[in-house]
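Q: Have a look at the structure that comes next, please.
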């Protein structure tokens, strides 16, 4: 009963009317990125998401993955392997890779629109190619020629998948505690030993090989995070020419029984002197891993976006259809037995909250993904550094805010269904269960918040903040007539002021960073969305689509009057300081 | 891995130190309510919850209920029937019923403390006796002598259970659409026909009979809610003397597959000319049903409270135990490999939010349940009316706020566990799944909000509001030295002002009621909790327990600086009016 239709019209509006992606692609000298071709690709992507993935979402949840402990193998639910084959056969896997690596050279930001569709259609399935993308990034940036030839190409082609093996039973967010070790073999490879947990796609039946990227310590490594190296550990060993050899001593020990994403295998992986190859510099593994993690964090933000949209579109359809009570101001549909839910103000509050967050988040997410293309194809070192800086700034906001909002939207959307939201048949409860992981994996909201306020703001002299505020000022100078400018400029000033205050306070009280980071991230996110709503309203009013102009303008008004005040709330909570958080002794809780 | 220990110390503090329940019980002329006996009962209740119910919570979730479609019967998970037998054998079922009805005559408010423990220990199991309680209330107030003798007594003894059969496939919140019908039989009984859905405990194997209280229309009934009557329809028919006869034509058609409360059977019930007895006046069924619903609403609020506490206590234990990263201000436990989670400010934010909401909610909930006793045993009609009025006012706040907070606390608590929160083994995800129903059943949050602002405030000239604000003023007069009074009085003034504004606006714009109700309810709830935190801090400071005084005072400070500002937020959103909610045409969403 739960459906997904890719919101192509809004995706195209954001990408082309709001963000001028076609122009940017031209400036970045992409080939074949004229609008007509891009639209055709998005339409094909929508067909794949709607017709291949959406139908296996609910059945995959009900069936889950099957683990055979005798063989240590995982079988994915019915339809998953076929969908993956179709994905590979249609060439989606290499959409953004360069020609030299066998890809089609399309922009990453375009693939990210597809990614939103994939995750909305079937989040669990989307996790298998997702981790490959991270492995591709790590191999592309840190792998040597042989590693790229032997491991990178088959992953790009989709014939193999990749994983990220970070977490161990005793360490999740704190990699300093990592224990896995790697001992050099005589042939220049390494024997990798250790147990990794929560490994998404660590074992499955979609491809013949799986390439694990594993963090471990060399024998002489210093303690802490500066003694961690990254290794390529294939499930099936490979010969010099990349052909498959015997199985490596890597084994899936079990899979987790989880709240949601039942069809995404979350594995305990045991490495027992498994053959591995050092990638990048010794003891610089975290550096290489961050390449994967940043890519994966944007990807998880897009998961949040996809779930927000799916939750919203299903709640909207139900609220228009379900008849329940009369509008308080008198019957709106007197010919029906009752009015549809959507006449009721509090249903509208929930729907408009979902709409305002989802469409605003789409702008913010796509803005971030465009920085990936800018960084990849910058014409100068300065342009590249600037795009990387801005991407780094936006990444924790996209990851944390879009995943928290996914949970919020799934919550509202389920509520619109009343009792039907709680039963499996309608699919809303699956969305809520699936969404719940997104604020946790690839760095919790708490980790993202520390990253934004610490590394990406205070340690970077607010470079990203200044760039974003520069955009806001430019908008208000260009469109002084916009009804949203006064509030937008006040919000931007608040954001700046709070940043300066935190920077001052953190030197006196080191707890200020941790005590402020969560509120700071959400203050930032709500100001960012305010800017995008002002831009969207402006772009819609400039278009020839009167219905779109009304819809965007009214939703922007809703955002400014009912959502943006959350920014003020976060600012005032932040300003209340760290003392109320830190005063109570742990033993007195 | 998920445990429950009844927070007896805090329960007793709230009941006796903050709310002076022992004194009140004496004033209300309860027998046997000296403190020592009450403490002994609470200790026994805790033993039952911790040792009988808590152990079947996770296994009950995993196993779920079994439906046999050939016989239309439901088997509850392993241990449920035994736990129910123990409950009945120990006399818990009749704890609050009068001596004349075979009960023990204890206060309802005491049973509600037990109810909190039951729901925290095993929410699904708690639903079976919960609905009996509603049936008891309806039969007690509206049943005739024969009905009370034949149906009420076995329910009080726990030998039979009761249900509430309201919802039909096409109508949930809107009972005006109800279609089930009842045709008089020659013997004075009725033939009841219709399909009811979402019937909690509609079928199970815990007792030999189930007494359904069913809303249906008489043949000559007017349309809408003024044509609904209430009927007693037993699963097994009874003879004049109450002995069991043959099965009635009532059959469970299926059970729902739900997000959570898997061990609570949610049934589709088919009545096919089933023998029923009119209870109360014809066409006044809604009136009788409200007796049940109010009792059930408080009960669901207590479910919220129980879940809040369980979520909090497990997250707290994990956060003290799990080592992850160092405090930003330097190692707090340098002898350990890392510091425990609880040193990190944002973990503290989540834990303190849970603690502040849970302990504050406990005061509010217990205050409401004390009104039940006051109403039941009032010495004058005026006292009775006042207690009923105040109970009616507090009920939607307790139901809506405590269940929404249960979801919030389960969310924070799960997040504290990181990836472990998402796997079944740790039990946090079950809490989150179970909690999600509580904002829906027995009237959604939206319905509660309309009830509070409409019936319980605007249509009652703000009687409940005035009484609550009177309490606040009395506190501040008595304790002018309390550091919390200035903020508390501003919050109370805001609450009053907003109420007056809404009352003004609603006459000009009927949508104001629906557009304001959600924010109004939460504004009210946060002001209520501010009052209770001021009272708790005061009571703790007056006690001889220095640790308690520190804990309550610091948590009150946290509440006032970091939670109470939500009230201001709700007020300002409410004041933004209905236009941004209502402007967008349904077709332009």
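Q: Going by a ≥ b ≥ c, the root eigenvalues of the Cα gyration tensor, does the stretch A:250-297 fall in the rounded group (a/c under 1.5), the prolate group (a/b larger than b/c) or the oblate group? Don't jump to the answer; show the numbers that get you there.
A: Numbers: a/c = 3.88, a/b = 1.40, b/c = 2.77.
Judged from the Cα gyration tensor, the stretch A:250-297 comes out oblate (a/c at least 1.5, b/c at or above a/b).
Q: For the stretch B:404-467, what is the largest minus smallest coordinate of the Cα atoms on each principal axis, given in angstrom and ordered from greatest to least?
A: 50, 21, 13
Q: Still on this structure: Using a/c under 1.5 as the rounded threshold, could you call the stretch A:430-503 rounded, prolate or oblate? The axes a ≥ b ≥ c are square roots of the C-alpha gyration tensor eigenvalues, and prolate needs a/b larger than b/c, oblate otherwise. Please report the intermediate quantities before stating the final value.
A: Details: a/c = 2.95, a/b = 1.51, b/c = 1.96.
Since a/c reaches 1.5 but b/c is at least a/b, the shape of the stretch A:430-503 is classed as oblate.
Q: Moving to a separate point now. Bin width 10 Å, origin at 0, all Cα-Cα pairs of the protein assembly as shown: what percent of pairs per bin?
A: It works out to 2, 10, 18, 23, 21, 14, 8, 3, 1, 0, in whole percents.
Q: May I ask you to derive the FRET efficiency for residue B:100 and residue B:186 from their Cβ-Cβ distance with R0 = 35 Å, giving the value to the nearest 0.05?
A: On the way: r = 33 Å, r/R0 = 0.95.
So, using R0 = 35 Å, E works out to roughly 0.60.
Q: Additional query: Taking the Cβ-Cβ separation of residue B:383 and residue B:223 as r and a Förster radius of 51 Å, what is the calculated FRET efficiency to the nearest 0.05? Mind showing how you got there, number by number?
A: Values: r = 39 Å, r/R0 = 0.76.
Here the calculated transfer efficiency is 0.85.
Q: Run the helix sum for chain A: -39,500 (n - 2.57) per DSSP H stretch of 4+ residues, divided by residue count, reported at 222 nm to the nearest 500 deg cm²/dmol. Working shown, then result.
A: Values: 20 runs with 305 residues, N = 589.
Theoretical 222 nm ellipticity from helices: -17000 deg cm²/dmol.
Q: What are the distances, in nm and sorted shortest first, from the label point of residue A:236 to the label points of the same position in each other copy, with each label point placed 7 Å from Cα along the Cα-to-Cβ direction?
A: 6.3
Q: Here's a follow-up. Rounding to the nearest 10 and keeping the result within 0 to 90°, find how far the Cα-based axis of helix A:345-376 lies from the longest principal axis of chain A.
A: 50 degrees
Q: Another question, then. Within a 10 angstrom radius of each residue's Cβ in A:253-259, how many Cβ atoms of other chains show up on average? Whole number is fine.
A: Values: counts 0, 0, 0, 6, 5, 6, 12.
Rounded to a whole number, the mean comes out at 4.
Q: Using only Cα atoms, tell me the angle between helix A:35-48 and the longest principal axis of chain A; keep it within 0 to 90° and round to the nearest 10.
A: In chain A, helix A:35-48 runs at an angle near 80 degrees to the longest axis.
Q: Can you put B:587, A:554, B:44 in order of Cβ neighbours within 10 angstrom, beginning with the fewest? Don't skip to the end; give the middle numbers.
A: Values: B:587 9, A:554 21, B:44 13.
Least to most surrounded, the residues fall as B:587, B:44, A:554.
Q: Mind listing the label-point distances from residue A:90 to the same position on all other copies, shortest first, one decimal in nm, points 7 Å along Cα→Cβ?
A: Output for residue A:90: 5.8 nm, nearest copy listed first.
Q: Semi-axes of the equivalent ellipsoid for the stretch B:89-137, please: Cα gyration tensor eigenvalues, times 5, square-rooted, ordered largest first, whole Å. Mind dumping the intermediate values first?
A: Values: eigenvalues 70, 27, 18 Å².
Three semi-axes, in Å: 19, 12, 10.
Q: Can I ask one more? Applying 1/(1 + (r/R0)^6) with R0 = 45 Å to the Cβ-Cβ distance of residue A:477 and residue B:508, what FRET efficiency is obtained, to the nearest 0.05?
A: Given R0 = 45 Å and the Cβ-Cβ separation, E is 0.70.
Q: Want the number for residue B:51 to residue B:239: 0.36 nm per residue separation, take away the alpha-carbon distance, what's left?
A: Numbers: separation 188, 0.36 × 188 = 67.68 nm, distance 3.87 nm.
So the chain would gain 63.8 nm between residue B:51 and residue B:239.
Q: Need the C-alpha centroid separation for the stretch B:496-517 versus the stretch B:271-312, integer Å.
A: That distance is 29 Å.
Q: What is the Cα centroid distance between the stretch B:400-414 and the stretch B:372-386, reported in whole angstrom?
A: 33 Å
Q: Also, I was wondering about something else. Between the helical axis of B:80-89 and the dominant principal axis of chain B, each derived from Cα atoms, what acute angle in degrees is found, rounded to the nearest 10?
A: The answer is roughly 90 degrees.
Q: State, to one decimal in nm and shortest first, how far the label point of residue B:473 sits from each corresponding label point in the other identical copies (label point: 7 angstrom along Cα-to-Cβ).
A: 5.2
Q: Now for a separate question. Hey, could you get me the Stokes-Einstein D for the stretch A:444-580, Kirkwood radius over alpha-carbon pairs, 10 °C and 1.306 mPa s, rounded to whole µm² s⁻¹? Each step should come with its number before you reach the end.
A: Details: Rh = 15.7 Å.
Translational D for this selection: 101 µm²/s.
Q: Take the alpha-carbon centre of the stretch B:7-86, take the same for the stretch B:114-148, and report the distance between them in whole Å.
A: 12 Å
Q: Is the stretch A:1-148 best put as rounded, prolate or oblate by its Cα gyration tensor, with a ≥ b ≥ c the root eigenvalues, rounded for a/c under 1.5, and otherwise prolate when a/b is larger than b/c, oblate when not? Walk me through the numbers on the way to the answer.
A: Working: a/c = 2.60, a/b = 1.29, b/c = 2.02.
Oblate.
Q: I need the Debye-formula profile for chain B: one equal scatterer per C-alpha, no solvent, reported as log10 I(q)/I(0) at q = 0.13 1/Å, two decimals.
A: -1.47
Q: Another question, then. Which chain A residue comes nearest the axis with its C-beta when you rotate A onto B, and by how many angstrom?
A: Nearest Cβ to that rotation axis, in whole Å: A:569, 2.
Q: Along Cα→Cβ, 7 Å out, is where each label goes; now give me the distance between the ones at residue B:459 and residue B:66 in nm to one decimal.
A: 4.7 nm
Q: Between residue B:284 and residue B:20, what is 0.36 nm times their sequence separation minus the Cα-Cα distance? Round to one decimal in nm.
A: Numbers: separation 264, 0.36 × 264 = 95.04 nm, distance 3.78 nm.
Answer, rounded to one decimal: 91.3 nm.
Q: For residue B:333 and residue B:254 in one chain, what is 0.36 nm times their gap in residues minus the Cα-Cα distance, to one decimal in nm? Please report the intermediate quantities before stating the final value.
A: Values: separation 79, 0.36 × 79 = 28.44 nm, distance 5.52 nm.
That works out to 22.9 nm of additional length.
Every read-out reported here was derived from the displayed coordinates using simple, explicitly stated rules and does not represent laboratory data. Computed from a predicted model, the values in this text were never measured in an experiment. Cβ: placed from backbone, ideal geometry, glycine included. Neighbour counts: every protein chain shown.
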